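The values are calculated or read from the model by the stated rules, or taken from the named source; none is laboratory data. Remember, predicted model here, so these are calculated numbers, not experimental data. Cβ coordinates were reconstructed from backbone atoms using ideal geometry, including for glycine residues, and neighbour counts include every protein chain displayed. Surface accessibility is based on the protein's heavy atoms, side chains included, excluding ligands, DNA and RNA. Shrake-Rupley method; radii C 1.70, N 1.55, O 1.52, S 1.80 Å.
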Amino acid sequence: MNESDIIHAHWGGFPHGYIAYLLSEKYNIPYFITFHGTDINKLQGIDQNKLLIAMENAKKCFFVSNSLLKIAIKKGYSGRNAIVTYNGVDRSKFNLKTTNEKSKVIAYVGALKNIKGADLLQNFGEINKLDSSINFKIIGDGPLKSEILEELKKNNLLSRVEFAGNVKPDMVPRCLEEVSVLVVPSRMEGLGMVILEANAMGIPAVGSDVGGIPEAVGVSDNVFSINNNFPTKVAKRVIELINDPNYNLNAIKLSNRISMNFTWEEICKLERKAYEAAKL
């Protein structure tokens, strides 16, 4: 440890961030903490108090969204040493789709859990009411799968939904190649990397007004509060996006936005600058 210049704790909640603080105290090495979502959202009690000590004494605390930073401040963090560093997209893997033809496929990517809003995939039934030619894809797996299958069966949609299951990260771009719109109904989300990755491919996203999702989506018309009207509003917006005559032009704009604002190169520059300042 004495040979290290810097300590950086990722997924920085308790105990990771607090361990970084203790190591810094023992070895007199500057430390940083990066927060990704649940490491702040679910923190409470004595663990939260210990982490707040670690946060205030860190050289910098990095947050993947402004929303996550605001949550930390509500929990008692001063914010004086905070920097928002959005996660980056690997542009060597997620590029603008090679085809401009809309295939009318709506996708959900993520764990089939309540916290990810997988139970809200009743959106598919609402979308079908507006356009019965649309197909669906679910990429992911989880405890709600049987419940989702029952709902799809009830709406006579089972034959039009592809369950891709869990896929390797390298396969995600291929799975998204035919997708027209991504649906992200999460109840808790630090940022929403899948939104950025889809946008990089020119695929618009519609989601919940939760956590960092609005920042990732970047279009206020594409986010809605989770309430009884959520499925209906999402369905209507999905159809509007698919039928937008400027869909292909907007796809290029989405991809360019990711290149300008969500690249690892820019994030690395910010973090390196913070590292160098800590060593002065």
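For residues that are open to solvent by less than 60 Å² (accessible area, probe 1.4 Å), over 30 Å from Ala82 (Cα atoms) and in contact (Cβ under 8 Å) with a residue 40 or more places away in the chain, tally how many sit in the stretch 237-257. Full working, then the answer.
Restricting attention to the stretch 237-257, the residues satisfying the condition of being open to solvent by less than 60 Å² (accessible area, probe 1.4 Å) are 237-239, 241-242, 244, 247, 250-251, 254-255, 257.
From what is left, the residues that are over 30 Å from Ala82 (Cα atoms) are 237-239, 241-242, 244, 247, 250-251.
Subsequent filtering for residues that are in contact (Cβ under 8 Å) with a residue 40 or more places away in the chain retains 238-239, 241-242, 247, 250-251.
Total meeting the criteria: 7.
If you take the residues in the stretch 15-39 that are among the β-branched types (Val, Ile, Thr) and within 17 Å of Ile83 (Cβ to Cβ), which one is surrounded by the fewest Cβ atoms within 10 Å (Cβ to Cβ)? Talk me through it step by step, then tell me what you get.
Of the stretch 15-39, the ones among the β-branched types (Val, Ile, Thr) are 19, 29, 33-34, 38.
Remaining after also requiring within 17 Å of Ile83 (Cβ to Cβ): 33-34.
Values: Ile33: 28, Thr34: 21.
Checking each candidate, the answer is Thr34.
Regarding the stretch 98-108, can at least one residue be identified that is open to solvent by 60 Å² or more (accessible area, probe 1.4 Å), among the basic types (Lys, Arg) and under 17 Å from the mean Cα position of the chain (by Cα)?
no
Looking at the stretch 40-69, which of the residues that are of a type in the set (Lys, Arg) and at pLDDT below 95 is most open to solvent (accessible area, probe 1.4 Å)?
This residue is Lys42.
Take Gly12 and decide whether it is open to solvent by 20 Å² or more (accessible area, probe 1.4 Å) and either free of Cβ contacts under 8 Å to residues at least 60 places away in the same chain or farther than 30 Å from Met201 by Cβ (or both).
no
If I ask for residues that are in contact (Cβ under 8 Å) with a residue 40 or more places away in the chain, open to solvent by 90 Å² or more (accessible area, probe 1.4 Å) and closer than 18 Å to Gly192 by Cα, which ones from the stretch 258-280 would you list?
Trp264, the sole residue that qualifies.
Does any residue of the stretch 225-236 turn out to be open to solvent by less than 30 Å² (accessible area, probe 1.4 Å) and among the hydroxyl-bearing types (Ser, Thr, Tyr)?
no
Counting just the residues of the stretch 195-215 that are among the hydrophobic types (A, V, I, L, M, F, W, C) and out of contact with any Gly (no Cβ under 9 Å at 6 or more places or on another chain), which one comes out surrounded by the fewest Cβ atoms within 10 Å (Cβ to Cβ)?
Result: Met201.
Tell me, which residue of the stretch 149-168 that is open to solvent by 100 Å² or more (accessible area, probe 1.4 Å) and part of a loop (DSSP other than H, G, I, E, B) is nearest to Phe94 (Cα to Cα)?
Restricting to residues being open to solvent by 100 Å² or more (accessible area, probe 1.4 Å) and part of a loop (DSSP other than H, G, I, E, B), the top hit is Lys168.
Give the stretch 221-276 a look and list any residue that's of a type in the set (Lys, Arg) and more than 19 Å from Glu126 (Cβ to Cβ), or say none.
Lys253, Arg257, Lys269, Arg272, Lys273
All but one of (1) modelled with pLDDT under 95; (2) farther than 17 Å from Leu270 by Cβ; (3) among the aliphatic types (A, V, I, L, M) hold for Ile6; which doesn't?
Ile6 satisfies all of (1) modelled with pLDDT under 95; (2) farther than 17 Å from Leu270 by Cβ; (3) among the aliphatic types (A, V, I, L, M) except (2).
Determine whether the stretch 169-183 contains at least one residue that is within 27 Å of Asp39 (Cα to Cα), out of contact with any Gly (no Cβ under 6 Å at 6 or more places or on another chain), loosely packed, with under 15 Cβ neighbours inside 10 Å and modelled with pLDDT under 95.
Yes: one or more hits.
Could you list, in sequence order, the residues of the stretch 232-252 that are of a type in the set (D, E, K, R) and either touching an Asp or Glu at 6+ places or on another chain (Cβ under 9 Å) or assigned to a helix (DSSP H, G or I) (or both)? Even if it seems obvious, please write down each step before you answer.
Let us first name the residues in the stretch 232-252 that are of a type in the set (D, E, K, R), namely 233, 236-237, 240, 244.
Those that are of a type in the set (D, E, K, R) and either touching an Asp or Glu at 6+ places or on another chain (Cβ under 9 Å) or assigned to a helix (DSSP H, G or I) (or both): Lys233, Lys236, Arg237, Glu240.
Go through (1) under 28 Å from Ala9 (Cα atoms); (2) part of a loop (DSSP other than H, G, I, E, B) one by one and return the number of the condition Lys70 breaks.
(2)
Before we move on, is Ala72 touching a helix residue (DSSP H, G or I) at 6+ places or on another chain (Cβ under 9 Å), free of Cβ contacts under 8 Å to residues at least 24 places away in the same chain and under 22 Å from Gly192 (Cα atoms)?
no
In the stretch 111-141, how many residues are open to solvent by less than 50 Å² (accessible area, probe 1.4 Å), more than 14 Å from Arg160 (Cα to Cα), assigned to a helix (DSSP H, G or I) and hydrophobic (A, V, I, L, M, F, W, C)?
2
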